[in-house]
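Below: one structure, written as structure tokens.
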Amino acid sequence: MLRKHRNLLDYSFDCLRRYRMRTAVILVTFLVATTMISAVLFAKEGLEREAEFSVEAAPDLTVQYLKGGRVEPINTSYIDIIAGIPGVEKVLKRTWGYAGIGAYTFVVVGLDPEGLDHSRGVITSLEEGRFLKPEDEGTGNIVIGKLIAYMLKVKVGDDIILLSESVEANKFHVVGVFSDSSSIYTADLILMSFSDANKFFSMPEGMVTDLCVYVDPAEDPASVASKMNSVSNIRVLDQDLLLRGYKAAYGARGGIFTTLWTILLVAIAMIAFSQAIVVGHESKFEVGLLKTFGFSTLDIIEVRLVESLVLGFFAASLGMLIGYFYTAFFNAPGLVDILLGWAYLPREFRLPVYVSLQSVFSIYAVTVIPLLITTVVPAWLNAITDPELAMRRAAA
Amino acid sequence: MIEVKNLTKIFNRGKFNETAALVDVSLKVRDRSIVALTGPSGCGKTTLLSMMGLILTPTSGEILYDGESVLRASDYWRTQFRRQNFGFIFQHINLLPQYTTLENVLLPLYSSDLAPGEYEGKAREWFSRLGIADRADHLVEQLSGGEQQRAAFVRALIKDPMYIFADEPTVFVDEETSRLIYGIFSSLRDSGKTIVLSTHDPELMKLADEVFRFSKGRLC
Ligand SMILES: Nc1ncnc2c1ncn2[C@@H]1O[C@H](COP(=O)(O)OP(=O)(O)OP(=O)(O)O)[C@@H](O)[C@H]1O
Ligand SMILES: [Mg+2]
């Protein structure tokens with residue numbers, strides 16, 4: 001009994017070797033399909049993970065001022081009101097917005113000098129230079145994202161000019177560069193002192209963009225947030241909400257899912273097509289012949305299954321490897337625009353790549369299973385027709 | 001003994017291209033005999049051989065091997081029966097072009113617990129007898145028609161089957177090889193095998209113990 005299975009196994013490998021055309025078509029189809037799927041999926045997961053990191057770096061709660069349903073600057077007099085709510089540990093003011101350099105737009109954030117030494121919620125890992133200190137107030141010193149440093153070719157000690165809304169040129173002095181080039185939070189971030197940011201955005205006296213609320217670690221942020229309901233004209237955002245926003249941008253609405261599904265459908269169609277055209281014809285005759293010699297329907301399915309599994313797993317693994325290098329080392333040329341189009345990040349941004357066990361299994365599943373179905377089902381259909389007819393129809 | 005009772009095969013039943021390939025045919029094939037089927041092209045020889053070889057399902061009728069009806073058996077049983085008892089030589093030869101002559105000949109062994117490698121010697125012996133020893137390791141697509149037919153001949157005999165179905169086994173070979181094949185068929189019969197063949201070759205018909213003539217799907 002065992003001998004027969006060894007024979008069938010040998011025969012499967014013989015088929016892979018002998019039907020070069022068939023093997024090559026499936027291999028190429030598979031490589032293209034899995035490379036594209038894995039490039040998108042690995043980058044998507046990387047971006048999602050970065051989004052989670054960003055949210056972890058965000059304050060527990062963010063308080064915005066609403067006027068007529070729109071977000072407007074908030075008066076610093078709210079700080080005392082909110083600080084008085086039970087469970088609130090610290091309230092920091094923040095002023096932020098966008099600034100243009102050439103054709104690019106970057107995020108400018110001014111941090112409360114009191115918050116600079118606050119251990120939570122501030123990313124301080126730098127590649128070069130130093131982080132902002134309270135003494136930097138009003139000096140024009142900034143810390144910039146690695147992406148900006150790369151794009152503008154600046155380093156610590158250099159000056160850069162930022163255009164404000166009033167199209168006034170403002171000169172700033174780089175004192176630090178963030179370390180991670182794949183972080184969606186710091187990549188395009190320009191951090192400056194609080195008073196510099198207020199001046200840059202021409203904020204009215206006593207007004208800031210929003211308030212960052214840090215909750216006592218023993219308290220639940222959601223219940224603290226609900227206590228703020230009594231304060232009128234404000235909106236409170238918690239981390240869940242931010243995460244959902246990020247995920248929407250990097251997920252379904254961002255088009256990455258559509259891209260993924262399209263690639264997937266094209267891949268499966270390619271697999272099915274190559275199977276039908278190249279493999280179907282050839283194997284119909286073969287199956288009829290084998291059946292005549294006494295290969296049972298199960299034997300034939302076994303041969304085809306082994307053939308497809310070996311080929312499918314090999315090709316899918318190789319495709320994933322190529323997909324990984326394509327994204328991680330070459331930044332997915334041709335795909336990067338689709339991946340980042342919705343994220344307001346320039347294409348120079350280095351895609352964060354994350355390979356989870358789950359996505360590896362999903363890629364195997366979505367490629368190998370269609371291959372199995374498209375080989376085994378026709379083989380089975382051929383095996384249950386009269387061998388004489390199967391051979392005759394294939395020969396005709 | 002093979003008994004064929006009222007066997008009928010109608011292709012594409014109920015369609016515009018309905019073809020009655022074989023109509024109400026009954027015949028018996030004794031063990032240790034050579035039986036020849038003959039008749040003009042399209043008279044149903046291949047159809048009958050295929051049905052007797054259990055690779056084509058009849059529209060109606062019965063086939064019995066040693067008194068046992070085989071048509072009602074499961075597909076699995078019939079497949080196994082073929083594997084254990086039958087050798088086929090097809091009219092269109094039906095070798096796999098991507099494989100060598102030797103590999104093609106050993107192919108029927110792969111669905112069993114036999115070790116194909118152990119049959120290589122036997123296969124090569126047959127190749128020398130039939131004059132294709134130097135073609136053993138060539139791809140089949142590089143062989144001439146006659147060489148291919150001889151390879152198909154060896155493939156049918158490799159497992160030493162009880163019944164051999166040979167559809168026009170001498171059409172592609174020269175006279176000398178034909179004579180060789182006649183000799184092999186008669187010695188197979190002497191060793192207890194049963195051979196059912198279709199042919200237009202008068203010499204082969206002379207060799208047969210019985211000849212059935214067909215016309216338009218009927219015995220005549
Ligand atoms: N699969 C099929 N579908 C429809 N008609 C078929 C099929 N197979 C055979 N036929 C028809 O059945 C008839 C008998 O065919 P068969 O192949 O048995 O003839 P044959 O006696 O072997 O002829 P030849 O000497 O040319 O090989 C022919 O008219 C043929 O057209
Ligand atoms: Mg015929």
Say R0 is 45 Å: what FRET efficiency, to the nearest 0.05, do B:Arg179 and A:Thr385 get from their beta-carbon distance? 0.75
What whole-number value in Å² describes the accessible area per residue of the protein assembly as shown for a 1.4 Å probe? 45 Å²
Could you work out the mean count of beta carbons from other protein chains within 10 Å of each residue's beta carbon in B:44-53? 2
Can you compute 3J(HN,Hα) from phi for each residue in segment B:200-217, using the Karplus curve 6.51 cos²θ - 1.76 cosθ + 1.60 with θ = phi - 60°, rounded to whole Hz and x for Gly and Pro? 10, 7, x, 4, 5, 5, 4, 5, 6, 6, 8, 10, 10, 9, 10, 8, 6, x
Sequence-distant residues sharing a close amide H with B:Glu210 (under 5 Å, placed H): B:Ile34, B:Ala36
Is segment A:88-215 rounded, prolate or oblate when judged by the Cα gyration tensor, a ≥ b ≥ c being the square roots of its eigenvalues, rounded requiring a/c under 1.5 and prolate requiring a/b larger than b/c? oblate
Through the Karplus equation 6.51 cos²θ - 1.76 cosθ + 1.60, θ set to phi - 60°, convert the phi angles of segment A:26-34 into ³J(HN,Hα) values in whole Hz; use x for Gly and Pro. 5, 4, 5, 4, 5, 4, 4, 4, 6
Given the rule -39500 (n - 2.57) for each run of at least 4 DSSP H residues, summed and divided by the residues of chain A, what is its mean residue ellipticity at 222 nm, to the nearest 500 deg cm²/dmol? -16500 deg cm²/dmol
Counted charge near A:Met207, where neighbours are those whose Cβ lies closer than 13 Å (Asp, Glu -1; Lys, Arg +1): +1
Report the label-to-label distance for B:Asp66 and A:Phe361 in nanometres (one decimal), using points 7 Å from each Cα along the Cα→Cβ vector. 5.3 nm
Any residue on another chain or 5+ positions along whose placed amide H is under 5 Å from the amide H of A:Lys90 is listed here as A:Tyr214
Using the Cα gyration tensor of segment B:175-220, with a ≥ b ≥ c the square roots of its eigenvalues, what is the shape: rounded (a/c below 1.5), prolate (a/b larger than b/c) or oblate (neither)? oblate
Relative contact order for segment B:6-71, counting Cα pairs under 8 Å that sit 6 or more residues apart, in percent: 35 percent
Based on Cβ point charges of +1 for Lys and Arg and -1 for Asp and Glu, what charge dipole magnitude is obtained for the protein assembly as shown about its Cα centre, in debye rounded to the nearest 20? 2700 debye
If we count every other residue with Cβ under 15 angstrom of B:Gln149's Cβ, Lys/Arg +1 and Asp/Glu -1, where does the sum land? -3
Divide by every residue of chain B the summed helix terms, -39500 (n - 2.57) for each DSSP H run of at least 4, and state the resulting mean residue ellipticity at 222 nm, rounded to the nearest 500 deg cm²/dmol. -9500 deg cm²/dmol
Could you please state, rounded to a whole Å, how far the C-alpha centre of segment A:1-70 is from the C-alpha centre of segment B:156-220? 58 Å
Per residue of B:77-86, other chain Cβ atoms within 10 Å number on average 4
Rounded to one decimal in nm, the spacing of the 7 Å Cα→Cβ label points at A:Glu135 and A:Tyr324 is 4.7 nm
What's the FRET efficiency of A:Lys67 with A:Asn170 using the Cβ-Cβ distance as r and R₀ = 22 Å, to the nearest 0.05? 0.20
Can you list the trypsin sites (Lys or Arg not before Pro) in segment B:39-144 that are in a DSSP coil and have 12 or fewer other beta carbons within 10 angstrom? B:Arg72
Could you list which residues have their amide H under 5 Å from that of A:Tyr98, counting only those 5 or more apart in sequence or on another chain, with H placed in the peptide plane? A:Val108
Go ahead and set up a Gaussian network model of chain B, Cα springs under 10 Å, then flag whichever of B:Ser128, B:Ser186, B:Ser111 fluctuates most. B:Ser111
Among B:Phe172, B:Phe153, B:Phe88: highest mean-square fluctuation, GNM of chain B, C-alpha pairs under 10 Å: B:Phe172
All other residues with a Cβ under 10 Å from the Cβ of A:Asn233 taken together, and with Lys, Arg as +1 and Asp, Glu as -1, what is their net charge? +1
Ordered by number, the residues of segment A:1-43 with at least 40 Å² less accessible area in the assembly than alone (1.4 Å probe) are A:Arg3, A:Lys4, A:Asn7, A:Tyr11, A:Arg18, A:Tyr19
Go through segment A:315-324 residue by residue and turn each phi into a ³J(HN,Hα) via Karplus (6.51, -1.76, 1.60, θ = phi - 60°); whole Hz please, and just put x for glycine and proline. 5, 5, 5, 5, x, 5, 4, 5, x, 5
The helix A:281-293 Cα axis meets the longest alpha-carbon principal axis of chain A at an angle in degrees, between 0 and 90 and rounded to 10, of 50 degrees
Charge dipole of segment B:2-219 about the Cα centre (unit charges at C-beta), most positive-ward option of B:Ser74, B:Ser144, B:Gly87: B:Ser74
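The values are calculated or read from the model by the stated rules, or taken from the named source; none is laboratory data. All values derive from a computational prediction rather than experimental measurement. FYI the Cβ positions are ideal-geometry reconstructions off the backbone, even for glycines, and counts take in every protein chain you see. Side chains are part of the model used for accessible areas, which takes the heavy atoms of the whole protein and leaves out ligands, DNA and RNA. Shrake-Rupley method; radii C 1.70, N 1.55, O 1.52, S 1.80 Å.
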